[in-house]
Structures are given as structure tokens and as C-alpha cells.
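What follows is a short report on a single structure.
The values are calculated or read from the model by the stated rules, or taken from the named source; none is laboratory data. Quick caveat: nothing in here was measured; it's all calculated off a predicted structure. Note that each Cβ is placed from the backbone with ideal geometry, even for glycine, and that neighbours are counted across all protein chains shown.
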Amino acid sequence: MGKVSQKESVFQAVINVCGTTDGAYTPTKEQRAQIGMILFEAFKAGHIEMDVEKSDTDLKSYCSSVTSNWLRKDIRLNGGVAYVAKNPGSRAGSSDPSLKAMRTLLGTLILDTDKAEVQAHIDARIAEITIAKQAKTVDFSALPTDLQVKFSK
């Protein structure tokens with residue numbers, strides 16, 4: 001038998017602990033603890049997919065986080081509501097090494113003028129990344145002739 005996805009594991013654990021309901025699941029603190037222990041044991045036994053091994057302490061915290069995540073995102077658990085991020089774009093540039101370094105530097109600064117200078121660089125870099133992501137390649141040969149003439153330069 002193969003490993004089960006984290007989404008499916010959380011769903012099964014919630015159903016096992018809370019039973020079935022028509023609306024959104026809102027487990028109590030005690031029920032969440034039970035769900036966390038079910039997931040913890042399943043992770044330890046290797047039944048649930050996981051990219052990186054974690055210590056027991058980190059795994060317990062991770063089980064709580066993954067439960068919260070899927071209670072919000074899984075339409076079977078959240079009452080059929082499509083998930084919408086609270087702060088879309090808040091992770092903009094999170095994989096950019098330059099932005100990471102600038103954000104780390106920003107956290108170390110004391111003077112407002114220094115903070116403003118670094119923040120301006122951060123904002124400029126985010127704008128660059130955003131523009132690069134929005135850049136689209138247009139197949140001008142597929143356009144009608146009048147649009148080809150007007151827009152292909």
C-alpha cells in the first residue's frame with residue numbers, strides 16, 4: 001500500500017474524530033489534539049507523504065499546522081467554501097535571494113531613514129519580479145493582419 005496524501009489523511013482523521021457533518025468542521029481543542037495524535041502516529045509509521053524528516057517536537061507542531069491548513073482549504077471540511085488567501089501576494093519574491101537578504105537587513109536596522117532606504121529597494125525589486133512574471137510572449141503571426149501591423153514592432 002502506498003503513502004496517503006496529507007490532505008486525505010487530515011480528512012480521514014477529522015471524520016474519525018468528529019464524525020460527519022453537513023457544514024464546516026470546527027473541532028474542539030480536545031478533538032484537535034486527537035486529530036494531531038492520529039496524524040503524528042501515521043507520519044511516524046510512514047503512512048503519510050512527507051518530504052523532510054522532522055524531530056518529534058517539530059512533527060507535532062507540523063501536525064497541528066497541516067490540520068489547520070486543510071480545515072481551511074479542503075471543501076469537504078470547510079463547508080464547501082472555495083479557499084481564498086487572506087493576504088494574496090504576501091509571499092512575493094520569497095524565493096529571491098536578493099529580497100531575502102534585504103528583508104533580513106531591514107529587520108536589523110534601527111534608524112527610520114535606513115529602514116526607508118532598504119524598503120525602497122525591496123519595493124523596487126518586488127516590482128521587477130512582478131513585471132517579469134507578467135511578461136507574456138505574443139504569437140503575432142496568429143493575429144489578424146491589421147493587429148500584426150499595429151502591434152508587432
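Quick one: what pairs do we get from the range 1-26, first residue farther than 18 Å from Lys73 by Cβ, second part of a helix (DSSP H, G or I), C-beta under 8 Å, 6+ apart or different chains? Every condition considered, the pairs that remain are Asn16/Ile38; Val17/Gln31; Val17/Gln34; Val17/Ile35; Val17/Ile38. Within the range 107-123, which residues are at pLDDT 90 or above and surrounded by 10 or more Cβ atoms within 10 Å (Cβ to Cβ)? Leu109, Asp114, Lys115, Ala116, Glu117, Val118, Gln119, Ala120, His121 - these are the residues of the range 107-123 that are at pLDDT 90 or above and surrounded by 10 or more Cβ atoms within 10 Å (Cβ to Cβ).
Collect the residues in the range 139-152 that are part of a loop (DSSP other than H, G, I, E, B), modelled with pLDDT of 75 or more and surrounded by 10 or more Cβ atoms within 10 Å (Cβ to Cβ), keeping them in residue-number order. Within the range 139-152, Leu143 is the sole residue that qualifies. Got at least one residue in the range 41-61 being assigned to a strand (DSSP E or B) and crowded, with 16+ Cβ neighbours inside 10 Å? So far as the range 41-61 goes, yes, one or more of its residues are assigned to a strand (DSSP E or B) and crowded, with 16+ Cβ neighbours inside 10 Å.
Any residue at all in the range 91-104 that's farther than 30 Å from Asn69 by Cβ, more than 19 Å from the chain's Cα centre (by Cα) and either modelled with pLDDT under 90 or in a helix (DSSP H, G or I) (or both)? So far as the range 91-104 goes, no, none of its residues is farther than 30 Å from Asn69 by Cβ, more than 19 Å from the chain's Cα centre (by Cα) and either modelled with pLDDT under 90 or in a helix (DSSP H, G or I) (or both).
The single condition among (1) in a loop (DSSP other than H, G, I, E, B); (2) at pLDDT 95 or above that Ile35 does not meet is (1).
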